[in-house]
1. Please give the peptides 46-56, 70-80 ranked by average Cβ packing (other Cβ atoms within 10 Å per residue), highest first, as a rough proxy for protection.
2. Taking the inverse of the average 1/r across all pairs of different Cα atoms in region 2-81, what Kirkwood radius in Å do you get?
3. Relative to the present Cα-Cα distance, how much length would full extension add between residue 2 and residue 61 at 0.36 nm per residue of separation?
4. Given the Cα-Cα distance of residue 85 and residue 36 and 0.36 nm per residue of separation, how much length would full extension add, in nm?
Amino acid sequence: MFLAKVRGTVVSTSKDERLVGFKLMVVQRIGVDDEFIGMPEVAVDTVGAGIGATVIITKGSSARFAASRSDSPIDSTIVGIVDTVEIGR
């Protein structure tokens, strides 16, 4: 799992039937100083996150399990909305 920021939404009227009903969000991993790391990616939202929210992302088979769709083409799922982060230095 890792932390990310929701950067936007994805609207797709034509998609794999196993993705129907899911809200898709553009997320990007963040570092300890809240800086963006790597490239944005699309994640299924299971918790109702909004643009600008800091979220917890899970990947791979855990992402499909979290979305309750083990046979779907899901690779990233938002599984939590973060209230605060405390990092010791």
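1. 70-80, 46-56
2. With all distinct Cα pairs of region 2-81 included, I get 12.5 Å.
3. Answer, rounded to one decimal: 19.7 nm.
4. Full-extension gain reported as 16.1 nm.
Every read-out reported here was derived from the displayed coordinates using simple, explicitly stated rules and does not represent laboratory data. What you see is a predicted model; the values in this text were computed from it and never measured. Please note: Cβ atoms are built from the backbone with ideal geometry, for glycine as well, and neighbour counts cover all protein chains shown.
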